[in-house]
Amino acid sequence: MSQDAEKSTAKLSKVEKKLNLLKKRAHLIFRNIDCVKLFNRILKKTPDEILATITESGLRGRGGAGFPTGMKWKAALEAPGAVKYVICNADEGEPGTFKDRVILERQPDKIIVGMATCAYVTKATEGYIYMRGEYNFMSKEIKACCEKWNDLFEKKDFPFRVSLRLGSGAYICGEETALIESMSGNRGEPRLRPPFPVSEGFNDMPTVVNNVETLAYVTMIMDDGLDFFKSVAKDDSMGGKVFSVSGDAAIKGVFELPLGMTVQEFVDIFGDGDTKAVQVGGFSGLCVPRKHFATTIIGYRGVQTGGSMILYNSTRSMYLVLKNYLEFFQEESCGQCAPCRIGCQQLLLGIEAMRQGTRPLSHIDKLRELVNVMGVASKCKLGMSLANPFNSITEHFFEEICSKW
Amino acid sequence: MEKVSLTINGINVEVRKGSTLLEAAKKAGIRIPTLCHHPDLVPAGNCRLCVVEQKGAPFLLASCTTKAADGMEIETNTHRVREARRVILELLLAEHNADCISCPASGKCQLQSLAHEYFVQKTDFMNIADKSPIDDSSPSIVKDDSKCIRCLRCVRTCSELMGVSALVSAHKGRYTKVETLLDKPLQYAVCTMCGQCVSRCPTGALVEKNYVNDVWRAISDPEKFVVVQTAPSVRVGLGEMLNMAPGSIVTGKMATALRQLGFDAVLDTNFSADLTIMEEGHELLQRLTKALRDKEKISFPMMTSCCPAWVKFMEHEYPDQLEHISSCKSPQQMLGALIKTYYAQKRGIDPSKIVSVSIMPCTAKKFEASRLEMKSSGYTDVDYVLTTRELGHMIRQSGIWFDELEESTFDSPMGEGTGAAVIFGASGGVMEAALRTVYEVVTGREVPFENLNITPLRGTDGVRAASIRIDKPLPDWSFLEGVEVNVAIAHGLANARKLMDDVEKGLSPYHFIEVMACPNGCIGGGGQPMPTSPEIRRKRTAAIYEADSKLPRRKSHENSEVLALYKDFLTEPLGHRSHELLHTHYTKRDDLP
Ligand SMILES: Cc1cc2nc3c(=O)[nH]c(=O)nc-3n(C[C@H](O)[C@H](O)[C@H](O)COP(=O)(O)O)c2cc1C
Ligand code: FES
């Protein structure tokens, strides 16, 4: 098929694709509800009931790691501490992710109700929304929303207050322990784990850190009830997921879809007809090549994602794609641990050198050995997760990596 | 105490709950290589070289930071572990300027020895060593970023032990590096020059400024008369540079070695330590007299001034509290001022021909000697300061068989020292020496402790306090009857800060405080042999007290050469000449380097 012909089929099927999309789409996060009424209903339940509901819902963290939310809350509830905290992780630093921004803009009430629900369950009294500095433009609205809810909490004698904290733009500060360090006025560097934040977090007190979207889903589970939430998706990947779609996509933007789709189903909706690879889960995620589209499931059963889906078509050089990723990581590594700090730089220098011919193609073995050591020996998930993009891209697109193109 | 039990390489070990895997392995007799770990510092888990494998776990664990748990099955020497260590060493070498031949740390560099151990001679990774110029602006410390592997032992030392944070971890990712605040040259940084960073740097990124060749040059110059003095703690540290065990006392051999190196006179800083006690003890009594008898407003506590890192710390951090510091110069500077005056006169030597060298456990002493006010003899009082390590190098270079040297004594005058002077080397020693003298001056009796050992002042706690009650003083001191003299001791500037915060608020209950910047005092100084650890310093401290107990005279006021000095030259403690030569003043450094 000539390129033109391909483009025209892409064009023709766009309407169809939109129809497909509408059929698939979930409607939870962006549906408007009366949050104040809901909050009153929540307070009528006991914290134990709510914890049981959240646990049973199977809700898992939407920040990327997929930790069961009910378990996290239970741990914070049981951890001894004079004060407890809830932090909403709105750092959204993963390249290709912009869904938290849209939720913050359009549904801030749901986030705060989610935080208050968490506080109700875990007996936390203070909440913080840690928002990336780049989102400063919405500070005013978020602050006003916090004020509004604080007034309501006060009126209801509900012992919880929320406020906004701004980050300064380091990717690593999205990692929950680095986030806590940053909030404490220290260098944003991951802490040693254990102890985990649920037992020793902010001010060394039990702290729940949840992603924006996770908290919004908590609110929707409280509103719609368990069964509806469970019915959205199939198998163990419960509920919906908000995706940020970018790259060479026919349709781009933020979409709420059920979990558990295959990459092929996804590409059928969003692709431009020429998709050769999808980067699932942002730069630190996995690159899925066309031949694996049909067999790769998006969700906890398959490939986990914080929501970033970047589509690449055949005009893209995967060398430049990988180079771009590595340039990002060599700057955004916190720099503490040797494997990640030096490793990121060596991966980048290594692919450049192979391309320029100053290192033989067999240097790839050295780099794979390196990235696998980073995967098991780095101090935090940043360094560990680099094996995902590096191995998947160099495995499926090795010719593109080393040929002059 | 709660215990946990686990197996390491199949060996069962039981350790206290909270122990790390590294500690458990040590207990099982297994060594695990480490780089960023240091026994004095909070574990950081930065280098990842100490990784081990836990059965069934997908990731390797950093043994220096992972707590041992019941039932763990740990392997420290699997293929996966060895390969990870090798790759990490290659990475570190890629970040390092491995110019070992010219590196002052060669031979003691931990990266070098681990690279050898794992056969990592070269790496296919690209060299990305930092290219900024070497910072040799400070008179004490040289910083070469091209050698730095970002283990942050220096940064942690400076904040955890010293509470100074002259060095910080700056930037992130590939730009991460150890910098002074605002990246000022060391000379202009708020740095006490204590050198604790140097003694914990595993590579050659931080080393002392080396003056060995200048000293050799002076020795070979027939025109020059080269005088050397050695600090109390050098005699319990030097042996470690020359293959002896920590805690070896080498006073006699050291004196012989110094003569063989070609020094024209071998004097002892212990002499001026005794002199310091005479001056400082009387200064304390003078302050007590003014306060208690004359009811003048006198600021207490008085604080010791022998430690130049502590003095510089005060000048930077508490510039409004400088009146608390004794006006006495340190023993090094007292002796320096006397060498080019009293000593020169007595020996009939032209002071302009004298080169005065001191051997110190300390890098801050290099800075102290360079202070502008330290010229009261009319010349630079001390020309070169070498660390214990540099002296060790000179002895090695000279080919002397140190073990086989005969013992000898210091030259006279200014070579005599009492036990009270030796203990200056240990934290609490200056205080003990001062009390031995002050108590006796006031009451006519020895301090009421068995064998003069004021044990409440000894020990390793970061801050220690004691009181000594004055009963039945001599008639001149009757106003001190029943007075409890409260004293305190701090070592490690982070601990000194705790005392200073009360002093600043006017809440300090003490009359006299001793501060030594370095952990456990000068025996743990930044110029002492490496490595350093609590265990090694314990041995050096024991050696110091042993040296004290063996000396015939153990009270500063019984030093016959000191008494002669007062008779012939100074007249009396705090006299006119003393003020000229032995006392000094301090500089507010809130905005000065
Ligand atoms: C390098 C790194 C960056 C991260 N960035 C974010 C982020 O921007 N937003 C986020 O919600 N979680 C981020 N995470 C995950 C958090 O550490 C944490 O798992 C999450 O906030 C927990 O919330 P959840 O359970 O609701 O997903 C990041 C993790 C790593 C290792
Ligand atoms: S020694 Fe354990 S990480 Fe460096």
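Listed by position, the helices (runs of 4 or more DSSP H) contained in the range A:309-395 that have at least 3 residues being away from chain B (no Cβ under 13 Å) and modelled with pLDDT under 95 form an empty set.
The set of residues in the range B:86-138 being more than 14 Å from chain A (Cβ to nearest Cβ) and of a type in the set (S, T, Y) consists of B:S102, B:S106, B:S113, B:S132, B:S137, B:S138. Summed over the range B:321-343, residues that are in contact (Cβ under 8 Å) with a residue 60 or more places away in the chain, within 19 Å of B:H511 (Cα to Cα) and not aliphatic (A, V, I, L, M) total 4.
Looking across the range A:356-380 at every residue that is touching a residue at least 24 places away in the same chain (Cβ under 8 Å) and surrounded by fewer than 18 Cβ atoms within 10 Å (Cβ to Cβ), the one that is nearest to ligand 1 (Cβ to nearest atom) is identified as A:R368.
Taking the criterion of being of a type outside the set (G, A, S) and closer than 20 Å to A:G260 by Cα, the residues of the range A:55-75 that qualify are A:T55, A:E56, A:L59, A:R60, A:R62, A:F67, A:P68, A:T69. Can you find even one residue in the range A:260-281 that is within 20 Å of the chain's Cα centre (by Cα) and either under 30 Å from B:V51 (Cα atoms) or within 14 Å of chain B (Cβ to nearest Cβ) (or both)? Yes. Selection of the range A:223-239 for residues being part of a helix (DSSP H, G or I) and either under 30 Å from B:T66 (Cα atoms) or within 22 Å of the chain's Cα centre (by Cα) (or both) yields A:F229, A:K230, A:V232.
Checking each residue in the range B:181-203 for being buried (at least 23 other Cβ atoms within 10 Å of the Cβ), away from chain A (no Cβ under 14 Å) and among the hydroxyl-bearing types (S, T, Y) picks out B:T192, B:S199.
The residue list B:L206, B:L152, B:L161 contains one member that is within 14 Å of another protein chain (Cβ to nearest Cβ) and either at positive phi or under 19 Å from the mean Cα position of the chain (by Cα) (or both), which is B:L152. Among residues of the range A:396-405 being in a loop (DSSP other than H, G, I, E, B) and surrounded by fewer than 17 Cβ atoms within 10 Å (Cβ to Cβ), the one that is farthest from ligand 1 (Cβ to nearest atom) is A:K404. Of the helices (runs of 4 or more DSSP H) lying entirely inside the range A:84-178, those containing at least 2 residues that are within 18 Å of the chain's Cα centre (by Cα) span A:99-106, A:108-122. I'm trying to understand the selection: among the residues of the range A:182-205, which are more than 16 Å from ligand 2 (Cβ to nearest atom), closer than 29 Å to A:K140 by Cα and touching a helix residue (DSSP H, G or I) at 6+ places or on another chain (Cβ under 8 Å)? A:S182, A:M183, A:S184, A:R187, A:G188, A:P197, A:G201, A:F202, listed by residue number. The residues in the range A:215-238 that are within 16 Å of ligand 1 (Cβ to nearest atom) and in contact with a Cys (Cβ under 9 Å, 6 or more places away or on another chain) can be counted, and the count is 3. Mind checking which pairs have a first residue in the range A:60-71 that is away from chain B (no Cβ under 14 Å) and without any contact (Cβ under 8 Å) to a residue 24 or more places away in the chain and a second that is within 6 Å of ligand 1 (Cβ to nearest atom) and part of a loop (DSSP other than H, G, I, E, B), Cβ under 6 Å, 6 or more apart or different chains? Cβ pairs passing all conditions: A:F67/A:G61.
Looking at the range B:67-77, can you tell me whether even one residue there is touching a Leu at 6+ places or on another chain (Cβ under 8 Å), surrounded by 16 or more Cβ atoms within 10 Å (Cβ to Cβ), more than 22 Å from B:E23 (Cβ to Cβ) and within 12 Å of chain A (Cβ to nearest Cβ)? Checked the range B:67-77: no residue is touching a Leu at 6+ places or on another chain (Cβ under 8 Å), surrounded by 16 or more Cβ atoms within 10 Å (Cβ to Cβ), more than 22 Å from B:E23 (Cβ to Cβ) and within 12 Å of chain A (Cβ to nearest Cβ).
All told, B:S63 falls short of being outside the structural domain of B:S19 (by TED's automatic domain parsing) and within 29 Å of B:K177 (Cβ to Cβ).
Could you check the range A:91-102 and list, in sequence order, the residues that are surrounded by fewer than 24 Cβ atoms within 10 Å (Cβ to Cβ) and more than 10 Å from ligand 1 (Cβ to nearest atom)?
Matches in the range A:91-102: A:P95, A:G96, A:F98, A:R101, A:V102.
For the residues B:R86, B:R82, the requirement of being part of a helix (DSSP H, G or I) and surrounded by fewer than 16 Cβ atoms within 10 Å (Cβ to Cβ) singles out B:R82. Restricting the range B:12-36 to residues that are more than 16 Å from B:V81 (Cβ to Cβ) and within 14 Å of chain A (Cβ to nearest Cβ) leaves a set whose member that is nearest to ligand 1 (Cβ to nearest atom) is B:C36.
Just checking, does the range B:426-442 include any residue being surrounded by 24 or more Cβ atoms within 10 Å (Cβ to Cβ), closer than 26 Å to B:T256 by Cα, of a type in the set (V, I, T) and in contact with a strand residue (DSSP E or B) (Cβ under 6 Å, 6 or more places away or on another chain)? No, the range B:426-442 contains no residue that is surrounded by 24 or more Cβ atoms within 10 Å (Cβ to Cβ), closer than 26 Å to B:T256 by Cα, of a type in the set (V, I, T) and in contact with a strand residue (DSSP E or B) (Cβ under 6 Å, 6 or more places away or on another chain). Residues that are in contact (Cβ under 8 Å) with a residue 40 or more places away in the chain and either away from ligand 2 (no atom under 14 Å from the Cβ) or surrounded by fewer than 23 Cβ atoms within 10 Å (Cβ to Cβ) (or both) within the range B:39-60 comprise B:P39, B:D40, B:L41, B:V42, B:A44, listed in sequence order. List the residue pairs whose Cβ atoms are under 6 Å apart, where the first residue sits in the range A:155-183 and is closer than 20 Å to A:G61 by Cβ and in the same structural domain as A:P108 (by TED's automatic domain parsing), the second is more than 12 Å from ligand 1 (Cβ to nearest atom) and of a type in the set (V, I, T), and the two are 6 or more positions apart or on different chains. From the range A:155-183, the pairs are A:V162/A:I112.
Among the residues of the range A:194-214, those identified as away from ligand 1 (no atom under 15 Å from the Cβ) and either part of a helix (DSSP H, G or I) or not assigned by TED's automatic domain parsing to the domain that holds A:A65 (or both) are A:N203, A:D204. Against the condition within 14 Å of chain A (Cβ to nearest Cβ), of a type outside the set (S, T, N, Q) and either surrounded by fewer than 16 Cβ atoms within 10 Å (Cβ to Cβ) or not in a helix (DSSP H, G or I) (or both), how does B:V178 come out, does it pass? Spelling it out, B:V178 is indeed within 14 Å of chain A (Cβ to nearest Cβ), of a type outside the set (S, T, N, Q) and either surrounded by fewer than 16 Cβ atoms within 10 Å (Cβ to Cβ) or not in a helix (DSSP H, G or I) (or both).
The values are calculated or read from the model by the stated rules, or taken from the named source; none is laboratory data. Because the structure is a prediction, the values reported are computed rather than measured. Neighbour counts are summed over all protein chains in view; Cβ atoms, including those assigned to glycine, are modelled from backbone coordinates with ideal geometry.
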